[in-house]
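The structure appears below as structure tokens.
Readers should treat all values here as calculations from the given coordinates under stated rules, not as data from a laboratory. All of these numbers come straight from a predicted model, not from anything done at the bench. Cβ coordinates were reconstructed from backbone atoms using ideal geometry, including for glycine residues, and neighbour counts include every protein chain displayed.
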Amino acid sequence: MASLQFQLPTHSFISNHRVKGVNFTRPNFSLLCKNTRAITVSDEDTSFRLLEPQIVEESTSEVYPSLNSIKLSSGLESADPDFYKIGYVRSVRAYGVNFKEGSDGFGVYASKDIEPLRRARVIMEIPLELMLTISQKLPWMFFPDIVPIGHPIFDVINSTNPEIDWDLRLACLLLFSFDREGNFWQLYGDFLPSVEECTSLLLATEEDLLELQDQSLASTMKEQQKRALEFWERNWHSDVPLKIKRLARDPERFIWALGIVQSRCINLQVRIGALVQDANMLVPYADMLNHSFQPNCFFHWRAKDRMLEVMINAGQRIRKGDEMTINYLRGQKNNMFMQQYGFSSSTNPWDVIEFSGNSKIHLDSFLSVFSISGLPEEYNYNSRVSNDGGDFVDGAVLAAARTLPTWSDGDMPPVPSIERKAARELQEECLQMLAKYPTTSDEDQKILDSMPEARRTLEAAIKYVDLLPQFTYRLHRKLFLQKVSRALEIYQDRILF
Ligand SMILES: C[S@@+](CC[C@H](N)C(=O)[O-])C[C@H]1O[C@@H](n2cnc3c(N)ncnc32)[C@H](O)[C@@H]1O
């Protein structure tokens with residue numbers, strides 16, 4: 001059995017803040033850092049152990065780490081070796097993947113090609129002992145049970161509404177874990193997004209929320225902020241015991257924890273022994289997977305040894321460097337993604353436009369023009385029979401097929417003039433909606449282009465940097481409206497009668 005030796009820094013460089021990459025040299029496969037400690041890693045098979053693969057490029061002459069980030073050619077920074085080390089020693093395993101930081105924060109990337117297999121295949125295993133979980137329903141059960149009996153945090157958790165306050169409970173547990181001597185989350189917390197990096201709109205100011213150009217979303221977020229603040233005020237008043245007080249000395253700390261929980265929680269049914277539980281869970285490492293509407297991975301609970309497995313879909317081909325993703329929310333509009341996660345997509349296949357007129361187009365004709373098949377719940381796009389070269393149809397066009405007012409009546413062909421008129425009217429309504437915005441998509445794009453490329457490196461603290469999610473959200477909305485309008489134009493051109 002061959003073995004590789006790595007030398008790893010003994011501590012993180014920036015505490016309570018994401019640890020930015022450091023520069024390494026790789027003489028004889030050793031990482032040399034200022035404060036180092038050797039660890040031996042097995043290299044018996046081709047799969048990557050969690051500890052192994054932070055060596056990303058040959059450096060030239062430096063032996064000491066510098067605080068300059070490691071920039072990969074793809075614009076991604078590799079995760080700090082400590083990130084791998086703290087999990088590896090606690091039996092977390094990751095096979096064939098690396099953790100890297102890019103414009104969407106941390107993400108998980110394939111470190112080798114993976115041929116499609118008939119069965120789903122494991123790429124990560126995370127033991128229950130490292131998670132923070134609470135049952136979704138009373139009686140509250142915690143796995144692992146890290147809260148000592150009689151601790152006043154129970155009273156705080158018990159004061160939450162069982163039906164709706166899962167996030168408040170989990171935020172309490174997260175803050176408690178940071179305070180608990182020797183708990184894994186004290187270490188893992190270094191790699192969570194800081195207040196400045198967290199995209200949650202809970203942390204946005206009232207002024208920042210206006211930049212969404214969506215009054216309804218801004219009011220929802222203000223309500224959410226009020227709810228969080230009131231909870232903090234109720235439970236962190238001046239008379240509470242120190243054990244509670246020190247968990248969140250100011251409301252910002254609590255609201256940050258709430259934002260972290262909302263944007264990283266997964267809900268799973270888990271079997272632990274004979275007990276089957278619906279649980280809200282924070283799962284380290286798995287929570288670094290970003291979202292995609294066409295994910296290549298999913299979660300699976302392995303009851304026999306209480307592990308969360310991240311698996312690649314059966315039949316999925318993966319190329320080295322591909323991002324590994326999961327689907328966070330099926331069937332939800334961008335405003336829901338913004339509310340919970342602080343990001344949006346211009347190709348969300350579930351986005352919706354509220355049309356107010358009576359115009360309707362013929363559904364099957366629209367689908368056939370864009371070579372879309374299937375039922376609304378599962379629309380597919382067949383690029384091979386398409387006549388648009390496969391470039392035009394994306395998630396937004398699938399969303400158009402769902403959201404445009406349509407009619408269906410067997411195979412009855414639409415009357416050309418009526419059909420074209422309806423398409424034109426719907427197009428007109430899209431354009432009117434666009435015209436109501438105070439800025440155009442081009443103007444939004446210019447603002448975004450003027451922002452520093454990597455917001456999260458905090459290299460330049462320009463005014464708009466923290467507003468990135470708000471600007472992208474309003475831009476995505478406009479791009480969606482434009483795309484639907486364009487689709488209606490193409491439909492009028494290509495419709496067959
Ligand atoms: C579960 S965490 C994933 C790991 C995260 N990127 C990080 O740096 O810790 C969810 C957060 O990742 C970011 N994110 C995930 N998927 C994204 C996507 N498709 N586009 C933009 N941001 C995304 C958002 O900030 C979101 O709140």
Return the whole-Å distance between the Cα centroid of the range 102-123 and the Cα centroid of the range 281-353. 12 Å
Residues meeting the amide H criterion for Leu289 (H placed from the backbone, H to H distance under 5 Å, 5 or more places apart or on another chain) are none
What net charge do the residues around Pro116 carry, taking every other residue with its C-beta under 12 Å from that of Pro116, with Lys and Arg at +1 and Asp and Glu at -1? +3
Spelling it out for Tyr328: with amide H atoms placed in the peptide plane at 1.01 Å from N, the residues 5 or more places away or on another chain with amide H under 5 Å from its amide H are Ser292
Beyond 20 Å between alpha-carbons counts as too far, so tell me which of Lys333/Lys478; Lys100/Lys333; Lys360/Lys421 fall in that bin. Lys100/Lys333
For a test of the definition: using alpha carbon positions, the gyration tensor, and the 1.5 limit on a/c, classify the range 221-276 as rounded, prolate or oblate. oblate
Within the range 113-247: Cβ-based charge dipole about Cα centre, in debye rounded to nearest 20 (Lys, Arg +1; Asp, Glu -1): 600 debye
Counted charge near Glu489, where neighbours are those whose Cβ lies closer than 12 Å (Asp, Glu -1; Lys, Arg +1): +3
Quick one: which residues, 5+ away or cross-chain, put their amide H under 5 Å from the amide H of Glu77? H built at 1.01 Å from N. Leu72, Glu101, Gly102
Order of Arg234, Arg121, Arg424 from fewest to most other C-beta atoms within 10 Å? Arg234, Arg424, Arg121
Tell me, what HN-Hα J-couplings in whole Hz come from the Karplus equation 6.51 cos²θ - 1.76 cosθ + 1.60 at θ = phi - 60° for each residue of the range 302-314, using x for Gly and Pro? 9, 5, 4, 10, 6, 10, 8, 9, 9, 10, 7, 3, 4
Of Gln215, Gln186, Met124, which is farthest towards the positive pole of the range 111-221's charge dipole, taken about the Cα centre with +1 and -1 on the beta-carbons of Lys, Arg and Asp, Glu respectively? Met124
Spelling out what I want: for every residue of the range 134-147, take phi, set θ = phi - 60°, compute 6.51 cos²θ - 1.76 cosθ + 1.60 (Karplus), and round to whole Hz; glycine and proline get x. 9, 4, 6, 10, 5, x, 4, 10, 10, 10, x, 7, 8, 9
Calculated from backbone phi, Karplus (6.51, -1.76, 1.60) coupling profile of the range 174-183 in Hz, x at Gly/Pro: 4, 5, 5, 5, 5, 8, 8, 3, x, 6
